[in-house]
Amino acid sequence: MKLEFIVLPVADVERAKNFYKALGWREDIDIGEGDARVAQMTPPRSECSIMLGRSLTSAAPGSLQGLCLVVNDIEAARAELVGRGVEVSEVFHDAGGGMPQANAQGRVPGLAPDRASYFSFASFNDPDGNGWYLQEVTKRFPGRLW
């Protein structure tokens, strides 16, 4: 099995599509009209896409949180997004060495100690409030494909 796409609840397909296109994401499809309109966007180098639409899910626009984009240089990726007009948090890590979704109060500014792979993050939201993390991965855990 392979994860192909994630449905992202949005209020305005055109606005969301333009946001993700501005990030440099590829537009795969844009079909239908009105509430039946659907657009599919894919991040660079990703095999998984997002499907944007108003009638694809009963989830409220902006309710998807904790989506993660893996990058090999978080500072460069953050700078690129800022350069594209996205409001991105400063780089942070979790004081306990964990994941930021589990402990928002434990966030510490800056890169993870020793720049440990998997533990440096930055975050941003799309125009609807769907929440994304950038996660720096420079070396995969054993058994994980790159």
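The values are calculated or read from the model by the stated rules, or taken from the named source; none is laboratory data. The shown structure was predicted, so the numbers you read here are calculated from the model rather than taken from an experiment. Because the Cβ atoms are built from the backbone with ideal geometry, glycine has one as well, and the counts that use them run over all protein chains shown. In case anyone asks, the SASA skips ligands and DNA or RNA and just uses the protein heavy atoms, side chains included. Shrake-Rupley method; radii C 1.70, N 1.55, O 1.52, S 1.80 Å.
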Search the stretch 90-146 for residues being surrounded by 12 or more Cβ atoms within 10 Å (Cβ to Cβ), among the acidic types (Asp, Glu) and at pLDDT 90 or above, and hand back the single one that is nearest to Leu23 (Cα to Cα).
Asp126
With the first residue restricted to the stretch 103-117 and required to be over 13 Å from Glu90 (Cα atoms), and the second required to be modelled with pLDDT of 90 or more and open to solvent by less than 50 Å² (accessible area, probe 1.4 Å), Cβ contacts under 8 Å at 6 or more apart or on different chains are Pro113/His93; Arg115/Glu136; Ser117/Glu136; Ser117/Val137
A careful count of residues in the stretch 1-39 that are outside any strand (DSSP E or B), in contact (Cβ under 8 Å) with a residue 40 or more places away in the chain and buried (at least 16 other Cβ atoms within 10 Å of the Cβ) gives 6
Count - residues of the stretch 40-55 that are in a loop (DSSP other than H, G, I, E, B) and surrounded by 15 or more Cβ atoms within 10 Å (Cβ to Cβ)
2
Looking only at the stretch 78-93, decide whether some residue is in contact (Cβ under 8 Å) with a residue 24 or more places away in the chain, under 27 Å from Asp12 (Cα atoms), more than 19 Å from the chain's Cα centre (by Cα) and not in a strand (DSSP E or B).
no
